[in-house]
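I have placed the structure first, in the form of structure tokens, so that the comments after it can refer back to it.
Every read-out reported here was derived from the displayed coordinates using simple, explicitly stated rules and does not represent laboratory data. Every value quoted in this text rests on a predicted model; they were computed, and no experiment measured them. Heads up, the Cβs are rebuilt from the backbone with ideal geometry, glycines too, and the neighbour counts pull from every protein chain shown.
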Amino acid sequence: MLRLGLTGGIASGKSAVAAMLRELGFAVLDADALAHKLIEPGQAAYAEVIQEFGPSIADTSGCIDRAKFGAMVFADLAKLDRLNAIVHPRVAEVILSQFEVWRRSGVRDAVFVEAALLVESGIHKKLDGLVVVWCRPEQQLERLLARGLSKTEALRRIDAQLPVEEKLRLATEKIDCSGSLEETRRQVEALAGKLRRAQPLQ
């Protein structure tokens with residue numbers, strides 16, 4: 001069972017590629033959703049995040065206000081680093097645990113973990129390969145503006161991540177998401193074919 005990472009810059013097409021892989025029958029763990037879950041009330045990182053950043057980041061029900069908290073940490077990279085130091089080790093534990101569950105259940109296909117910060121967190125070093133998706137920087141910005149972020153917020157979030165060129169240097173496979181969805185799908189299907197023929201990633 002190959003344990004592969006799926007990463008890329010924010011708004012570069014990771015989620016679309018992950019959805020295509022799932023449609024093709026591959027197991028894909030969404031580590032970013034997992035990280036969000038870990039800071040919910042009662043979950044592993046919640047108390048430490050509240051202690052570190054203060055109760056003002058929570059709404060009246062006690063849940064962390066993700067829009068407010070996101071604006072805070074992306075405006076101050078030292079705070080973002082502190083948040084990542086709390087969350088990343090716990091995410092890595094769950095990822096490795098899920099890989100073991102899949103292995104024990106007899107999964108033979110490649111399995112994927114999708115996360116924006118696989119390289120930044122160092123988790124990629126524990127994987128068998130890394131699939132990096134990318135698009136043009138102006139497309140990332142357009143997509144983030146379409147999600148409702150201001151240009152300043154969007155650029156902060158792009159700048160908070162490792163430049164995609166550095167991620168591409170670590171890639172065992174690359175998927176260009178700057179074209180149409182159909183062009184992306186053809187690349188994903190080609191990758192699936194390669195994996196199913198059990199060819200080692202080069």
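Rg over Rh for the stretch 27-83 works out to 0.98, using Cα positions for both radii and the Kirkwood form for Rh. Taking 0.36 nm per residue of sequence separation and removing the Cα-Cα distance, the residue 68/residue 180 pair yields an extension gain of 37.0 nm.
Per the helix-only calculation at 222 nm, which mean residue ellipticity applies to the chain, given -39500 (n - 2.57) for every DSSP H run of n ≥ 4 and division by its residues, nearest 500 deg cm²/dmol?
Using -39500 (n - 2.57) per qualifying helix, the result is -16000 deg cm²/dmol.
Applying D = kT/(6 pi eta Rh) to the stretch 1-65, where Rh is the Kirkwood radius over alpha-carbon pairs, T corresponds to 20 °C and eta to 1.002 mPa s, the Stokes-Einstein value obtained is 152 µm²/s. What the Cα atoms of the stretch 46-141 give is an Rg and a Dmax of 16.7, 46 Å. Applying both filters, DSSP loop and at most 12 other Cβ atoms within 10 Å, to the trypsin sites (Lys or Arg not before Pro) of the stretch 120-202 gives 147, 197. Compactness of the stretch 97-154 was expressed as the Cα radius of gyration divided by 2.2 N^0.38 Å, which yields 1.58. Rounded to the nearest 5, the antiparallel percentage of DSSP beta bridges internal to the stretch 3-196 is 5%. Of the cross-linked pairs 126/174; 125/174; 68/125; 68/174, those separated by over 24 Å at the C-alpha level are 68/125; 68/174.
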